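This report refers to the structure that appears directly beneath it.
The values are calculated or read from the model by the stated rules, or taken from the named source; none is laboratory data. Because the structure is a prediction, the values reported are computed rather than measured. Positions of Cβ are backbone-derived with ideal geometry, glycine not excepted, and every protein chain shown enters the neighbour counts. Note: areas computed on protein heavy atoms with side chains; ligands, DNA, RNA excluded. Shrake-Rupley method; radii C 1.70, N 1.55, O 1.52, S 1.80 Å.
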Amino acid sequence: MPPTVPTETPGLAAYADVTASNTTLRRFLHGLPGVDQVGAEARAASLGTRSIKTTAKAHAIELAITMVDLTTLEGQDTPGKVRALASKALRPDPSDPTCPSVAAVCVYGDLVGEVKQIVGDRVNVAAVATAFPSGRASLEVKLADTRDAVAAGADEIDMVIDRGAFLAGHYLQVFDEIVAVKEACRRADGSHAHLKVIFETGELQTYDNVRRASWLAMLAGTDFIKTSTGKVQPAATLPVTLVMLEAVRDFREATGVQIGVKPAGGIRTSKDAIKYLVMVNEVTGPDWLTPDWFRFGASTLLNDLLMQRTKLATGRYSGPDYFTLD
Amino acid sequence: MARVDVRKTYKLYIGGAFPRSESGHSFEVLDAKGRFLANAARATRKDARDAVAAARKAFPGWSGRTAYNRGQVVYRIAEVLETRRDQFVAELVRSEGTSAAKAGKYVDAAVDRLVWYAGWADKIAQVVGNQNPVAGPYFNLTSPEPTGVVAVVAPAGPLLGLVSVVAPIIVTGNTAVVVASQTHPLTAITLAEVMATSDLPGGVVNILTGPTAEIAPWLASHMDVNAIDLAGVTDAELATSLEVAAADNLKRVRRAPASEPDWLETPALAAMTDFLESKTVWHPIGV
C-alpha cells in the first residue's frame, strides 16, 4: 500500500454491520452525500481544458498505452481475430520496439485460452463473465460462467451487476452476488483472479446511483470498478468517472483499501484519454496513475494513441493506413 | 440612426462546416491598392490535420458515387456560381483591382470550366480506360481510379485558377484539401459557400486560408495524404522542400509550374489524369 495512506485505518471490518441486511445497507448507501450534478459536470469540463504538450504529452500517451485493456466483445469474434488482437497487445507498434505493451486483452470467457496461447504471462487476459452484457441470468449460471473463465486462465474477471436489482433497491442481493463472484474467482492455489465490477452507468440514471453502486461494490470486495460494458449509450463519460474516482479516493481514506477504476466505451482519441489522466491526477492523485489502478477499456483508442505517438516521434502526421484494422 | 455595418467573418471550410481557425488567429487581407479589405482565418497545422481527416472521411462515399452523379454535383456548383455572378464580379474587382468587364469574363470562364469538367465525369473512363488485347484467354480491363486525398496549394488566380485546379481533382472522385491563395483568400471562401449549397458532400473540398509556407509542409509530410498539387507554389525552395517531404509516403506530386498558366485556355486532360491511378483486372474467359 502506498505510504500516503494513514496507518490506523479501520479496514473493511468496520463496515460489517452496514452490510448485515438490506435495510442497513440501504440506509448507508442513501446516507452518502448526494452528487452535485452541475458541479460534477462543470469540474469534469474544466479539467478537460488543460493543455498537455510536448514531453508531458509523450509521457501521457506512453502511460495511456500501458493502461489500455484492448477489448473485443462481439458476437462475430473468431479465434483468429482474438489471436491477432493478442499479438497487437504484446507489440502495439511492430515498427517500434520501444512501444510498450498494453495492460490486458479483454475478451469473452470462451476465448481466454486463445489469447493465453499468444500472450502467456506477458500481458493479462481479462474475461467478461456473469451473463455479460445484460447480467440477466441466475446466480448459478453467472458463477459457472466465472469459474469457466478463471479455469481457462483468465487473470481478470469483468462482471456486470444486476442493474434491475440495483434500481429496485435490492442492494443486498447485488452485494451478495459480487461477494459470490469474487469467491468464484478463487483459483486452486488460493490466489484470486482480479475482479472488476461493471455498473453500466448509462443505465443507472443518476450520479447518486453511481456513487452508491461504487460504494456497494467496494464494500463487497471488488478490486476495480468499471463504468460500462460498451454496449449501452452513453458509456464512459468524464463526470461519471469523476464520481467514481471520488468514491475510490474517499474509500481509501475511510478503509485504507485502494480500488482501481476503469472507464470503458466511448474513449476513442488520445485527447480524450489525456483528459481522463488529468482527472485521475487531480481527483485521486498520482497513486492511481499506473496500470494497476487505472485502465481504459477500449479498442479504437489504441490506434489513435499509436498515431499520436508516431507523430511525436517523427514530426509528421500519421495515417490509419499504417496501423491494423481491428 | 445610421445602420450598423454587418461585416462578414471569413472562416475556414472543413468537413462541410465553416469553423474558425483552431488557433483563433486571423490575418489582414488587403485589396489591390494595399487597403484593408477584411480579416481571414489564419489556419494552422491543426486545421490542416482536421481538414485531412474530413477529406479522408468523405472519400469512400464520394469516390463510390457513380461518375454520372459526380458530374451532376459539379454541374450544380456551376449553376449556383452562375446565380451569384454579380457577387463574384464585385469581389474580384475589389481584391484584384481589375475592371468589371475583365472580372466578368473570368467568372464566366469559371462557370464554363465547371460545366466542362462536369461533362468529363462519366467520359474520362472511356478515354483513358481500355480493354487491353492480351495473349491469353483473358478479358483484360483497365479503369482509372481516384488516388484519394489530394492536397492542393491553390494558384494566385482567385476564382478561375482555383476552380481549374480543384474541379478536375474532385470530378474523378478524389477529395481535396486546398490551401487558398495567400493574397486572395476571400474569393476561395465565397466559393466554399457556393460548394456548401451545391449538394457537394461535406469534406469533399476543404479550404484553408493562411500562410502557404506554414500550412503546406504539414500537408506534404502528412502520411494520410495521397497526392499533392503544387500549382500555386512560386518559391522554388519551398517547392523543393515540399517535394522532399512528399516522398516519405510516395505521394503523387504535380510539380509547381514555371509560371502561372493562362487559365482561360482549354485545360489538358492531365489535369484529371495526374490524380488517377490505373486499375487493371484480368478476367478469365472461355472457361
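Condition first: more than 12 Å from chain B (Cβ to nearest Cβ), in a helix (DSSP H, G or I) and crowded, with 22+ Cβ neighbours inside 10 Å. Can you find one or more residues in segment A:285-299 that meet it? Within segment A:285-299, one or more residues are more than 12 Å from chain B (Cβ to nearest Cβ), in a helix (DSSP H, G or I) and crowded, with 22+ Cβ neighbours inside 10 Å.
Among the residues making up segment A:313-323, those that are part of a helix (DSSP H, G or I) and either within 12 Å of chain B (Cβ to nearest Cβ) or closer than 21 Å to B:Ala51 by Cβ (or both) are A:Thr314, A:Pro320, A:Asp321, A:Tyr322.
Just give me the residues in segment B:232-244 being closer than 16 Å to B:Val179 by Cβ, more than 13 Å from chain A (Cβ to nearest Cβ), assigned to a helix (DSSP H, G or I) and hydrophobic (A, V, I, L, M, F, W, C), in sequence order. Across segment B:232-244, the qualifying residues are B:Leu238, B:Ala239.
Meeting the requirement of 2 or more residues that are within 13 Å of B:Gly173 (Cα to Cα), the helices (runs of 4 or more DSSP H) wholly within segment B:48-148 are B:67-83, B:100-120, B:124-128. Taking A:Asp326 and the conditions (1) outside any loop (DSSP other than H, G, I, E, B); (2) open to solvent by 30 Å² or more (accessible area, probe 1.4 Å); (3) more than 14 Å from every other protein chain (Cβ to nearest Cβ), which numbered condition does it fall short on, given that it satisfies the others? So the condition that A:Asp326 fails would be (1). The residues listed here are A:Ile274, A:Ile267; of these, the one that is under 30 Å from B:Ile215 (Cα atoms), buried (at least 17 other Cβ atoms within 10 Å of the Cβ) and touching a residue at least 60 places away in the same chain (Cβ under 8 Å) is A:Ile274.
Hey, could you check segment B:87-103 for residues that are touching a residue at least 60 places away in the same chain (Cβ under 8 Å) and open to solvent by 40 Å² or more (accessible area, probe 1.4 Å) and say which is nearest to the other protein chains (Cβ to nearest Cβ)? Applying the filter and picking the extreme gives B:Glu96.
If only one of B:Ala188, B:Ala180, B:Ala213, B:Ala220 is within 14 Å of chain A (Cβ to nearest Cβ), touching a helix residue (DSSP H, G or I) at 6+ places or on another chain (Cβ under 9 Å) and either without any contact (Cβ under 8 Å) to a residue 60 or more places away in the chain or open to solvent by less than 10 Å² (accessible area, probe 1.4 Å) (or both), which one is it? Criteria check complete, one pass: B:Ala220. Within the set B:Ala125, B:Ala135, B:Ala118, B:Ala156, the sole residue that is within 15 Å of the chain's Cα centre (by Cα), without any contact (Cβ under 8 Å) to a residue 60 or more places away in the chain and surrounded by fewer than 22 Cβ atoms within 10 Å (Cβ to Cβ) turns out to be B:Ala118.
Taking every residue in segment A:287-309 that is of a type in the set (Asp, Glu) and pairing it with any residue that is surrounded by fewer than 22 Cβ atoms within 10 Å (Cβ to Cβ), at least 6 positions away or on another chain, the pairs with Cβ-Cβ distances below 8 Å are A:Asp287/A:Pro2; A:Asp287/A:Thr4; A:Asp287/A:Gln258; A:Asp287/A:Trp293; A:Asp292/A:Gly260; A:Asp304/A:Arg268; A:Asp304/A:Thr269. Against the condition surrounded by 24 or more Cβ atoms within 10 Å (Cβ to Cβ), charged (D, E, K, R) and either over 19 Å from B:Thr147 (Cβ atoms) or away from chain A (no Cβ under 14 Å) (or both), how does B:Asp229 come out, does it pass? Yes, satisfied. Among the criteria (1) under 17 Å from B:Phe275 (Cα atoms); (2) within 14 Å of chain A (Cβ to nearest Cβ); (3) buried (at least 24 other Cβ atoms within 10 Å of the Cβ), the one B:Val165 does not fulfil is (2).
Residues in segment B:252-270 that are under 24 Å from B:Gly104 (Cα atoms) and among the aliphatic types (A, V, I, L, M): B:Leu264, B:Ala268.
Restricted to segment A:194-236, and to residues there that are surrounded by 22 or more Cβ atoms within 10 Å (Cβ to Cβ) and in contact with a Lys or Arg (Cβ under 6 Å, 6 or more places away or on another chain), the residue that is nearest to A:Arg147 (Cα to Cα) is A:Leu195. For B:Ala247, the conditions (1) open to solvent by less than 50 Å² (accessible area, probe 1.4 Å); (2) within 14 Å of chain A (Cβ to nearest Cβ); (3) touching a strand residue (DSSP E or B) at 6+ places or on another chain (Cβ under 9 Å) are fulfilled apart from (1). Which residue pairs have Cβ atoms under 7 Å apart, sit 6 or more places apart or on different chains, and have a first residue in segment A:117-142 that is under 22 Å from A:Met67 (Cα atoms) and assigned to a loop (DSSP other than H, G, I, E, B) and a second that is at pLDDT 95 or above and not β-branched (Val, Ile, Thr)? Final answer for the pair search is A:Arg122/A:Leu90; A:Arg122/A:Ser101; A:Val123/A:Ala89; A:Val123/A:Leu90; A:Val123/A:Ser101; A:Val123/A:Ala104.
Checking the structure you have, find out if any residue of segment B:69-86 is open to solvent by less than 60 Å² (accessible area, probe 1.4 Å) and free of Cβ contacts under 8 Å to residues at least 40 places away in the same chain. Yes, some residue in segment B:69-86 is open to solvent by less than 60 Å² (accessible area, probe 1.4 Å) and free of Cβ contacts under 8 Å to residues at least 40 places away in the same chain. Filter segment B:7-57 down to the residues that are over 17 Å from B:Val153 (Cβ atoms) and within 13 Å of chain A (Cβ to nearest Cβ) and list them by number. Across segment B:7-57, the qualifying residues are B:Glu22, B:Ser23, B:Lys46, B:Asp50, B:Ala53, B:Arg56, B:Lys57.
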